[in-house]
Amino acid sequence: MNGGDDEDVVVVAASSGDQSPPLQWRFSQVFGERSAGEEVQPVDMISAIEFDHSGDHLATGDRGGRVVLFERSDAKHSSGGRRDLEETDYSVRHPEFCYKTEFQSHDPAFDYLKSLEIEEKINKIRWCQTANGALFLLSTNDKTIKYWKVQDKKIKKICDINADPSGAVGNGIVANGVPEALRLPVVVTSHESSPVAKCRRVYPHAHDYHINSISINSDGETFISADDLRINLWNLEISNQSFNIVDVKPEKMEDLSEVITAAEFHPTHCNMLAYSSSKGSIRLIDLRQSALCDSHSKLFEEPDAAGSKSFFTEIIASVSDIKFAKEGRYLLSRDYMTLKLWDINMDSGPVSTFQVHEYLKPKLCDLYENDSIFDKFECCISGNGLRAATGSYSNLFRVFGVSPGSTETATLEASRNPMRRHVPVPSRPSKLGSILGRAGGSESTAGVDGNSSNALDYTTKLLHLAWHPNENLIACAAGNSLYMYCA
């Protein structure tokens with residue numbers, strides 16, 4: 001995989017009365033870019049993206065069960081390639097990444113008890129705390145979670161042996177009977193290091209349904225895994241036991257009305273976590289209340305809108321992803337049509353609602369027939385909490401300003417030229433958003449080509465993206481290609 005060169009392609013975000021100037025996004029790098037006409041193999045398609053807490057490393061997972069690691073190359077000093085985060089000035093230029101290593105995390109398996117094939121596809125990747133210069137991360141497919149250690153190992157080479165040029169091993173005696181000078185039989189030297197991945201633990205057989213989320217606790221010792229009906233709490237050091245903390249499975253499956261769609265630990269409070277449901281609600285729970293968190297501390301859901309509900313109302317309300325802001329005050333959620341920002345201190349409704357692709361509403365029937373309406377788009381929020389991003393179709397993604405009074409909006413395409421296609425100009429923020437003091441910016445009903453949504457390609461969808469924790473850098477997946485954009 002090769003990184004692309006920078007191009008001065010600028011995307012100017014629409015803004016009116018922002019407290020900070022709008023960001024100008026430009027193409028930064030691309031890895032795994034396919035040539036024109038090259039067919040993408042399904043196993044090569046990226047299915048997960050995650051920056052580590054420092055932003056120095058990026059991990060991607062694909063449908064073939066592989067995990068690929070990238071490291072920040074502009075943070076390396078010329079003296080020995082060591083990093084000194086305090087001395088490195090990242091503000092000189094935008095972050096650049098290079099390929100580090102890759103390994104096979106999961107392989108296809110078969111559940112003989114249930115006669116069920118288990119895909120090797122990586123569903124989620126989460127970074128753990130580093131220790132002794134080694135990187136640690138969790139990866140999961142539908143059924144099994146694995147704990148990986150990646151560390152640079154020096155390659156040792158034998159460079160000197162006590163042997164004569166003829167190839168005969170020296171015995172310390174020369175032909176004339178005079179003893180020769182004794183040498184150490186072997187001299188070993190260390191040359192350049194190479195990263196090696198080792199599976200430290202495997203956490204199997206804890207989920208009857210497909211795992212959709214894993215999240216590391218801020219205590220660095222525990223993590224959660226969630227499937228459609230249950231959330232389990234694990235200790236990183238114990239792989240044969242987990243504790244069920246949330247169980248929404250009814251006594252009779254015909255009474256099932258909603259499922260768990262995503263779960264995330266609070267970034268600073270180790271006792272708090274949030275999980276979303278297919279009904280569009282988000283529940284905040286406190287692990288101190290009880291061992292089994294049947295009741296929630298707070299419930300966040302959209303107030304019932306006036307007007308008639310359609311067949312698709314509940315389908316498009318299903319939350320596909322949630323992310324806490326870095327400080328933990330705000331929570332970002334993504335459903336099929338919108339991106340919502342929630343204040344965990346205010347459970348009366350979302351602080352802001354952003355329309356991602358409002359122009360698709362007339363096409364819901366078509367989207368239902370081709371199953372696109374069930375696509376799970378992810379979302380991400382910047383380290384400073386001022387902006388958020390999420391994906392759409394035709395490899396497009398949207399960036400919204402979420403700070404008070406901001407109307408900043410940008411639409412980019414995952415390509416070397418982000419503005420290759422015409423993008424509709426966003427309309428003014430909604431009245432509700434103005435009342436709440438935050439943007440509710442929505443776009444016009446025009447499609448990508450400016451007149452209809454027919455120009456959208458539903459087969460090229462940008463589902464996975466991540467925001468650098470400290471910089472204005474977004475990494476997103478378009479098929480098997482990893483694109484990066486900076487501002």
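Values quoted throughout were computed directly from the atomic coordinates according to the rules given, and no laboratory measurement underlies them. This is a predicted model, so every value here is computed, not measured. Cβ coordinates were reconstructed from backbone atoms using ideal geometry, including for glycine residues, and neighbour counts include every protein chain displayed.
Just a few scattered comments:
- Rounded to the nearest Hz, the phi-derived 3J(HN,Hα) couplings of region 26-36 under the Karplus curve 6.51 cos²θ - 1.76 cosθ + 1.60 (θ = phi - 60°) are 9, 5, 10, 8, 9, 10, x, 5, 8, 7, 4, where x marks glycine and proline.
- Region 233-316: trypsin sites (Lys or Arg not before Pro) falling in loop per DSSP and having at most 13 other Cβ within 10 Å: K252, R288, K309
- Rounded Å value of the spacing that divides the Cα centres of region 281-336 and region 217-278: 14
- The Rg/Rh ratio for region 373-413, using Cα coordinates for both the radius of gyration and the Kirkwood hydrodynamic radius, is 1.02.
- Largest-first ellipsoid semi-axes for region 233-351, taking √(5λ) over the Cα gyration tensor eigenvalues, angstrom: 25, 19, 12
- Packing, as the average of other Cβ atoms within 10 Å across residues, places the peptides 21-27, 462-468, 126-132 in the order 462-468, 21-27, 126-132, highest first.
- Ordering of 65-72, 290-297, 480-487 by packing [mean C-beta count within 10 Å, highest first]: 480-487, 65-72, 290-297
- Reduced Cα scattering model of region 291-385, Debye log10 I(q)/I(0), q = 0.10, 0.12, 0.13, 0.19 Å⁻¹: -0.32, -0.45, -0.53, -1.01
- Among the GluC sites (Glu not before Pro) found in region 286-391, those both in a DSSP coil and sparsely packed, with 16 or fewer other Cβ atoms within 10 Å of their Cβ, are E327.
- Packing-based ranking, highest mean first, of 400-406, 56-62 given that Cβ atoms within 10 Å are counted: 56-62, 400-406
- Restraint check, K198/K461; K309/K340; K124/K376; K124/K361, Cα-Cα greater than 24 Å: K198/K461; K124/K361
- Here region 281-337 is treated as a Stokes sphere of Kirkwood radius computed over C-alpha pairs; at 20 °C and 1.002 mPa s its diffusion coefficient rounds to 158 µm²/s.
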